[in-house]
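Worksheet for the structure shown next.
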Amino acid sequence: MTFTQRHLLGIEPLHPTEITALLDLADQYVDLNRSASKHSDALAGLTQINMFFENSTRTQASFELAGKRLGADVMNMAMQTSSTKKGETLIDTALTLNAMHPDLLVVRHPQSGAVDLLAQKVNCAVLNAGDGKHEHPTQAMLDALTIRRAKGRLHRLRIAICGDIAHSRVARSNILLLGKMENRVRLVGPPTLIPSGMSEFGVEVFHDMAEGIQDADVVMMLRLQKERMDGGFIPSEREYYHRYGLDAEKLALAAPDAIVMHPGPMNRGVEIDGDIADDINRSVIQEQVEMGVAVRMAAMDLLARNHKARPREVEV
Ligand code: ASP
């Protein structure tokens, strides 16, 4: 087996062959999900706990469905009303859950690094469902699968990631993954929303949208992450849309067969024109959601196999 990880905390530690192994297995789960029964026993008898300390619609639903389709017992913790609200620390919550012997913990947390910390304290597989501005590995994997299926390959593509790079864990995980797979990644957005020093990551930076998406094979739009902004990063939404919103005129500059992506939730008329988002000839936004379930099934399946092969007791 080429996937050797015990947790999926980020794209950073993954080898390109591990990324390919996960995507190959996800392809098989796409077929299963399109079949009549949609069911496998890969996680039968295992317990999956989803802990979302931040709101989520598609990611939480996707992980829940993925676990159920693989036969796991899935529990969603209501973190808004849990003991963390009464002052319990993340570590105490983790230890409490660990004592219930889960096999898979899916965690979303507003603080970067919180999921890594938690993974050190439990003896099950931990999957990062998004930690602050740090990483969102299953999103990057589902984006990669969507691109690979639409373009027939995942290397030597011109990929423009546009918008609020600074506050986006989606951008960070995608930059890492697409770079590892040898694509030409461009970051497009206003200087206030692209951190300095990004060229160290082997990407090109553009502040002019027309230049940035010229001849791109993939145009990936990002949401303005207002909940992570504490100041005036953009003059106004109207001005932002004018300069950086994806409309038909700007998209015409990309390659004629360029695909349009967005991780959701989408702000129509802020970062993307509604008609472009709904254009089934260009937009793969619904495919991204579909690939999300398959990728999460593959990730949990691979991690469960690794834990079964090499059980570990952690010192806590
Ligand atoms: N859903 C993605 C995330 O959780 C993207 C976004 O919220 O804009 O990071």
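Any read-out appearing in this document is the output of simple, stated calculations on the displayed coordinates, not a laboratory observation. Nothing here was measured: the structure is a model prediction, and the numbers come from that model. Reconstructed Cβ throughout: ideal geometry from the backbone, glycine too, with neighbour counts over all protein chains shown.
When +1 charges are put on Lys and Arg Cβ atoms and -1 charges on Asp and Glu Cβ atoms, the dipole computed for the range 266-309 relative to its Cα centre reaches about 480 debye. 3J(HN,Hα) couplings calculated from phi for the range 14-30 with the Karplus curve 6.51 cos²θ - 1.76 cosθ + 1.60 (θ = phi - 60°) are, in sequence order, 7, 8, x, 5, 6, 4, 5, 4, 5, 5, 5, 5, 4, 4, 5, 6, 4 Hz; Gly and Pro show x. Close Lys pairs in the chain (alpha-carbon distance under 21 Å; sequence gap of 8 or more, or different chains): 9. Pairwise inverse Cα distances across the chain, averaged and inverted, put the Kirkwood hydrodynamic radius at 20.0 Å.
Extents of the range 105-168, taken as max minus min of Cα coordinates on every principal axis and listed largest first, are 40, 26, 14 Å.
The alpha carbons of the range 1-72 occupy a box of 32, 32, 23 Å along the principal axes, longest dimension given first.
Remark: spin-label model distance D275-D41 equals 5.3 nm, labels positioned 7 Å along the Cα→Cβ axis. If you run the Gaussian network model on the chain, springs between alpha carbon atoms under 10 Å, then out of E271, E88, E54 the most flexible one is E88.
Axis of helix 58-69 versus longest Cα principal axis of the chain: the two differ by about 40°, to the nearest ten degrees.
Can you list residues from other chains, or at least 5 along the same chain, whose modelled amide H is less than 5 Å from the amide H of L127? Under 5 Å from the amide H of L127: L8, L105, V106, V107. Note on the range 113-265: with charges restricted to the Cβ of Lys and Arg (+1) and Asp and Glu (-1), its dipole about the Cα centre is near 460 debye. Fewest-first ordering of L142, L70, L154 by other beta carbons within 10 Å of each residue's beta carbon gives L154, L70, L142.
Between Q60, Q111, Q48, the Gaussian network model of the chain with springs among Cα atoms under 10 angstrom shows the greatest mean-square fluctuation at Q111. The mean sequence separation of alpha-carbon pairs under 8 Å and at least six residues apart, normalised by the residue count of the range 209-297, gives a relative contact order of 36 percent. As a length-normalised measure over Cα pairs under 8 Å and 6 or more apart, the relative contact order of the chain settles at 21 percent.
Considering just Cα atoms, how many Å³ per residue does the convex hull of the range 214-275 enclose?
Details: hull volume 5.4 nm³, N = 62.
Expressed per residue, the convex hull around the Cα atoms of the range 214-275 is 87 Å³.
Between helix 137-151 and the chain there is an angle of about 50 degrees, using the helix long axis and the longest principal axis of the Cα atoms. The value of relative contact order for the range 61-218, using C-alpha pairs under 8 Å at least six residues apart, is 15 percent.
Looking at the range 174-316, what % of the alpha carbon pairs are farther apart than 23 Å? It works out to 46 percent of all Cα pairs.
Top mean-square fluctuation among D31, D247, D230, Gaussian network model of the chain, C-alpha springs under 10 Å? Result for the chain, Cα springs under 10 Å: D230 fluctuates most. Within the chain, antiparallel bridges make up roughly 5 percent of the DSSP beta bridges whose residues both belong there.
May I ask for log10 I(q)/I(0) of the range 1-151 at q = 0.09 Å⁻¹, from a Debye sum over the Cα atoms as equal point scatterers with solvent left out? Listed by q, the Debye log ratios stand at -0.29.
Label separation (T192 vs E227): 2.1 nm, computed from points 7 Å beyond Cα along the C-beta direction.
Computed from the C-beta positions of T89 and R6, the FRET efficiency with R₀ = 25 Å rounds to 0.60.
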